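> Once you've had a glance at the structure underneath, I'll fire off some questions.
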Amino acid sequence: MNERELRGLIADVKEGNLSRRAFVRRMVAVGLTAPLAAQMLAYNGVAMAQVKSAYKPTKAGGGGVLKVLWWQGPTLLNPHFAVGTKDQDGSRIFYEPLAAWDDDGFLMPVLAAEIPSLENGGVAKDGLSVTWKLKQGVKWHDGKPFTADDCIFNWKYASDPAAATYTIASYKDVEVEKVDDHTIKVLFSKPTPFWADAFVGARGCLIPKHVFEPYMGAKSRDAPANLSPIGTGPYLFEEFKPGDLVRGKINPNYHEANKPHFDAIEMKGGGDAVSAARAVLQTGEYDFAWNMQVEDAILKRLEEGGKGRIHITLGGSIEHIQLNNTDPWTEVDGERSSLKTEHPSLTDMAVRKALNVLVDRQAVEDHIYGRTGKATPNFLNNPERFASKKTSFELNIDKANKLLDDAGWKKGADGIREKNGVKLKYVYQTSINQPRQKTQAIIKQACQKAGIDIEVKAVTASVYFSSDVGNPDTYTKFYTDLQMYTTTQPQPDAGTFMNQFTSWEVATKENKWQGRNITRWQSETYDKLYRAAEGELDPVKRAELFVKMNELVIENVVVIPVVWRGGVAAVSNKLNAPLSGWDNNTFNIKDWFREA
Amino acid sequence: MSQYLIRRILIALPSLLGISLVLFTVLALAPGDPFGELAQNPAVPPEVAASLREKFGMDDPIWERYVKWLTQMLQGNWGFSFVSRVDVDVLIMQRLPTTLIVIGSSQILALLVALPVGVYAAVRPYSLFDQIATTLAFIGFSLPTFFTGLMLILIFSITLDWLPFVYQSNVEATGLAFYWEHFKQSIMPVSVLGLFQAGVLTRFVRSAVLDVVRLDFVTTARAKGLRERAVIVKHIVRNAMIPVVTLVALQMPAVFGGAVVTEQIFRVPGIGSLLIAAILANDTPVIMAVTFVFACLVILFNLIADLLYGWLDPRISYR
């Protein structure tokens, strides 16, 4: 998809031939994020019109207690320290950002009076600043007014390295200026195409200046309000027991009329996913449960209880297999998988292509993930190609055999292919997690038929995903030939996601394996495209660059995508709860209501 | 007596020190990283995790961290949770009462079942009652708590819909209703733990009583013309209790282990579920503190058992 085609599609949306939602879905399919797609429309004069809210209640309160179950309960309630989604979900009950991302990637004003755009002058043409108008008359839970000073304070609080906040990246490179009591201006040091980061979404939640000011920097951990939030949200804080319970009651002075619907909210933590699903779907003890990491077959059986349903939001989480470009079995200067080495067989394009057709995504979807994961060849690929590939699995093994034969990889006496003394034997690692082990088995079997020997390896998740420099089994060290995990795309902007294939991000001993390029694939063309996208202000041109980057990754089989995993929630049949794949589960809790 | 007590407490100190040293070393050497989630998030610069590691002294050598932990502990500072960013003692004090109530009531339940059943079965060995009791006790301690827990949930919560299976620490009711709600939600966790213990104890009480029943003094007591009830309660049971008390104390670690599992299944907000959450999050200070609390409780119960011996058998003297 090139710039001209993109512009054509945007014109279609403008003329009404293509719905906004269809456009966004199309862009997501080519590997862009929904918010990026929405931004393209906004830039071209299609307003980020708000999706109509389905909220029906005509008065605040009267809905009883909203009981939600998070099987890992929130452990802290300060949004600037909320690393885990469970913590973000918990603090979002009390705290709000200026704007939030809805399911189609559109910005929805929360504490902002309106969404900045080129037309209303909020977004500067040169990409160096964005001006936010704040909603008037908003009050903190303790009755003090919410003003521009609070925004300035949040910027200072979050960007202080001594506080070690989770939100630091959104605030450290910007300057925030107060224009008047209800207007702020965010200044960027260089032209920034994606301006909706600071003050937006999960990392944009605002804490009150008058409460947190004495606790900045290193003192931040002593703030009593870390455990008893005072925000602007629809519920007032009542009780918090880390990991167990968060309780709130209706905020009578909430800044939106007739909201919220419930008189109180209870977020219970602990236990396991299956019994949480049971409490919503089967017994109806709870209204909502988060993150149902349960096999789809079980969920379907529980749904027969008739009390609730499964809701799946597709964000950008992709279960994928990475191919190592360096040699994991040779140690150079105290590290394996060093950039100074080259993988003896995986750098051969024929082998990579063969592996790509040996991954039976359809089987993985059908037998393992069900509704919770969609088969995709589509890390960042386009859907037409997808259709032709999934048609026949048998054909794929033949194709793999042919590819390998043509490249000169001959089967030896043991049935394993080899060339010049190099055997196609791989170690394939992932974390311990039942669906993953099943996927490994499916792939191992297919590879065997093509003369590739796979040794599977499973590492405890707490080790595999740690940044423990001393442990050889972490995913960033990648001391095996192949590995598989889910990469999530919590950032609405594709930029932070796509930097995982740039040369300068390679994980090495030097950077303590903190680099994001795990496959250690390096391409000058890719780097150039990425650099160009960084400074490109026209979202359409930028999107085109991202699409090109995607294609490069897929053509070179840098990674093999397996399934696109959604966020799975169990929702009571009576509850109306708008969810978004681009923001927290509770991002719109003010709009939740129980159908009469 | 008080001298003995002081001596026992003084002996307990080095063992606690040893336990803490072993725990600390194992935890420090165990793989995993409390800031893994931070490091995995592409939007968080690596410096954040690095500065946190530095702040919490995680890059120091193990012995240095241990000495630091110990000195803080001696000053009553239990440490600071990496994950919740609160003091560990706050977390523990929030949850300890619940655990003690659940464990305490399950132990009481276990004794209430095991004592009469075990004694009655031993007094009439190989009777029908004995056969049934022995079989049930066998089943009781053969089934692991995670299994019986799930089974009870399936029967009483899902099929019959009588009892809630999510434990609520805040019950919104007052007066009698409050206690009723608490009682209702405690039935399952307490009986899972209690009946498991009861199985073990019944078997043990039975064999201990059997040993005593055949002794000469019992015959003498009967020959004196004492009522059967007095013979059993005053002469048999009291003498049979010494090994039972030992077992109750020795079983404490198993009870805590069972409590960890049961708390997780029923979402009881006790220190057991806190331990699991902390292990999953690699929150070392919390793991350390909870396991240490368990260790203290085990030592405490052993001490209580030793003191009970003297009361049960005056021949045992404390010097």
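> Would you mind telling me which numbered condition in (1) modelled with pLDDT under 80; (2) within 14 Å of B:Val290 (Cβ to Cβ) B:Asp59 fails?
(2)
> Which one of the conditions (1) in contact with an Asp or Glu (Cβ under 8 Å, 6 or more places away or on another chain); (2) part of a loop (DSSP other than H, G, I, E, B); (3) under 30 Å from A:Asp222 (Cβ atoms) does A:Val68 fail to meet, given that it meets all the rest?
Of the numbered conditions (1) in contact with an Asp or Glu (Cβ under 8 Å, 6 or more places away or on another chain); (2) part of a loop (DSSP other than H, G, I, E, B); (3) under 30 Å from A:Asp222 (Cβ atoms), the odd one out for A:Val68 is (2).
> Filter the stretch A:432-484 down to the residues that are more than 20 Å from B:Asp283 (Cα to Cα) and of a type in the set (Ser, Thr, Tyr) and list them by number.
Listed by number, the residues that qualify are A:Thr439, A:Tyr475, A:Thr476, A:Tyr479, A:Thr480.
> Run down B:Ile242, B:Ile316 and say which single residue is surrounded by fewer than 20 Cβ atoms within 10 Å (Cβ to Cβ), of a type in the set (A, V, I, L, M) and over 22 Å from the mean Cα position of the chain (by Cα).
Exactly one residue qualifies, and that residue is B:Ile316.
> Could you list, in sequence order, all residues of the stretch A:444-489 that are small (Gly, Ala, Ser), within 30 Å of A:Gly201 (Cα to Cα) and surrounded by 22 or more Cβ atoms within 10 Å (Cβ to Cβ)?
Of everything in the stretch A:444-489, those that are small (Gly, Ala, Ser), within 30 Å of A:Gly201 (Cα to Cα) and surrounded by 22 or more Cβ atoms within 10 Å (Cβ to Cβ) turn out to be A:Ser466, A:Ser467.
> Right, next: Could you please give the count of residues in the stretch A:84-132 that are out of contact with any Pro (no Cβ under 8 Å at 6 or more places or on another chain) and aliphatic (A, V, I, L, M)?
6
> Let me ask you something else. Report every pair of residues separated by at least 6 positions or lying on different chains whose Cβ atoms are under 8 Å apart, first residue within the stretch A:157-173 and under 12 Å from A:Pro79 (Cα atoms) and more than 10 Å from every other protein chain (Cβ to nearest Cβ), second of a type in the set (S, T, N, Q) and assigned to a helix (DSSP H, G or I).
Within 8 Å, the pairs are A:Tyr157/A:Ser220; A:Ala158/A:Ser170.
Residues are listed down the side, and each one gets a yes or a no for (1) buried (at least 22 other Cβ atoms within 10 Å of the Cβ); (2) in a loop (DSSP other than H, G, I, E, B); (3) within 14 Å of chain B (Cβ to nearest Cβ):
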| site | (1), (2), (3) |
| --- | --- |
| A:Ile115 | yes, yes, no |
| A:Gly121 | no, yes, no |
| A:Trp132 | yes, no, no |
| A:Glu175 | no, no, no |
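A quick yes/no check of all residues on (1) of a type outside the set (Phe, Trp, Tyr); (2) assigned to a helix (DSSP H, G or I); (3) in contact (Cβ under 8 Å) with a residue 60 or more places away in the chain:
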| position | (1), (2), (3) |
| --- | --- |
| B:Gln131 | yes, yes, no |
| B:Leu150 | yes, yes, yes |
| B:Asp161 | yes, no, no |
| B:Tyr167 | no, no, yes |
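> Any idea which residue in the stretch A:100-113 is farthest from A:Leu206 (Cα to Cα), counting only those that are under 18 Å from the mean Cα position of the chain (by Cα) and surrounded by fewer than 23 Cβ atoms within 10 Å (Cβ to Cβ)?
Only one residue fits best here, namely A:Asp104.
> Take B:Ser186 and decide whether it is of a type in the set (Ser, Thr, Tyr) and in contact with a Ser or Thr (Cβ under 8 Å, 6 or more places away or on another chain).
So B:Ser186 fits the description; yes.
> Here is a check on your reading of the model: is A:Ala400 at pLDDT below 90, farther than 30 Å from B:Pro34 by Cβ and crowded, with 19+ Cβ neighbours inside 10 Å?
In short, yes.
> Right, something else. Which residues, counting only those in the stretch B:254-277, are part of a helix (DSSP H, G or I) and more than 9 Å from chain A (Cβ to nearest Cβ)?
B:Ala254, B:Val255, B:Phe256, B:Gly257, B:Gly258, B:Ala259, B:Val260, B:Val261, B:Thr262, B:Ile271, B:Gly272, B:Leu275
> Spot the failing condition for A:Asn251; the list is (1) over 23 Å from the mean Cα position of the chain (by Cα); (2) buried (at least 21 other Cβ atoms within 10 Å of the Cβ); (3) assigned by TED's automatic domain parsing to the domain that holds A:Lys509, and only one is missed.
Status for A:Asn251: all satisfied but (3).
The rows are residues; the columns are (1) at pLDDT 85 or above; (2) among the aromatic types (Phe, Trp, Tyr); (3) in the same structural domain as A:Gly204 (by TED's automatic domain parsing); (4) within 19 Å of the chain's Cα centre (by Cα).
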site: A:Gln489; (1), (2), (3), (4): no, no, no, yes
site: A:Gln500; (1), (2), (3), (4): yes, no, no, yes
site: A:Val506; (1), (2), (3), (4): yes, no, no, no
site: A:Lys512; (1), (2), (3), (4): no, no, no, no
site: A:Arg520; (1), (2), (3), (4): yes, no, no, no
site: A:Tyr530; (1), (2), (3), (4): yes, yes, no, no
site: A:Leu537; (1), (2), (3), (4): no, no, no, no
site: A:Val540; (1), (2), (3), (4): no, no, no, no
site: A:Ala543; (1), (2), (3), (4): no, no, no, yes
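> What is the one condition in (1) of a type outside the set (A, V, I, L, M, F, W, C); (2) surrounded by 23 or more Cβ atoms within 10 Å (Cβ to Cβ); (3) within 14 Å of another protein chain (Cβ to nearest Cβ); (4) on the phi < 0 side of the Ramachandran plot that A:Gly201 does not satisfy?
Result: A:Gly201 fails condition (4) only.
> Hey, another quick one. Among what's in the stretch B:101-123 and is in contact with a Phe, Trp or Tyr (Cβ under 9 Å, 6 or more places away or on another chain), over 24 Å from B:Gly272 (Cα atoms) and not aromatic (Phe, Trp, Tyr), pick the residue that is surrounded by the fewest Cβ atoms within 10 Å (Cβ to Cβ).
B:Val117
> Which of the following residues is within 14 Å of chain A (Cβ to nearest Cβ), surrounded by fewer than 19 Cβ atoms within 10 Å (Cβ to Cβ) and modelled with pLDDT under 85: B:Leu307, B:Leu250, B:Leu280?
Among B:Leu307, B:Leu250, B:Leu280, only B:Leu280 is within 14 Å of chain A (Cβ to nearest Cβ), surrounded by fewer than 19 Cβ atoms within 10 Å (Cβ to Cβ) and modelled with pLDDT under 85.
> Considering only the stretch A:71-93, state which residues are within 11 Å of another protein chain (Cβ to nearest Cβ) and either more than 18 Å from A:Arg221 (Cα to Cα) or assigned to a strand (DSSP E or B) (or both).
A:Trp71, A:Gln72, A:Gly73, A:Thr85, A:Lys86
> Which residues, counting only those in the stretch B:83-100, are more than 10 Å from every other protein chain (Cβ to nearest Cβ) and either within 13 Å of B:Pro269 (Cβ to Cβ) or surrounded by fewer than 22 Cβ atoms within 10 Å (Cβ to Cβ) (or both)?
Matches in the stretch B:83-100: B:Asp89, B:Ile92, B:Met93, B:Leu96, B:Pro97, B:Thr99, B:Leu100.
> Something else about it: Can you give me the number of residues within the stretch A:208-246 that are buried (at least 24 other Cβ atoms within 10 Å of the Cβ), in a loop (DSSP other than H, G, I, E, B) and within 14 Å of another protein chain (Cβ to nearest Cβ)?
4
> If a residue has to be in a helix (DSSP H, G or I) and either of a type outside the set (Gly, Ala, Ser) or within 14 Å of another protein chain (Cβ to nearest Cβ) (or both) to count, how many in the stretch B:3-59 make the cut?
Residues that pass the stated criteria total 38.
The values are calculated or read from the model by the stated rules, or taken from the named source; none is laboratory data. Keep in mind that what you see is a predicted model, and the values were worked out from it rather than measured. Virtual Cβ from ideal backbone geometry, glycine too; neighbours counted across all protein chains shown.
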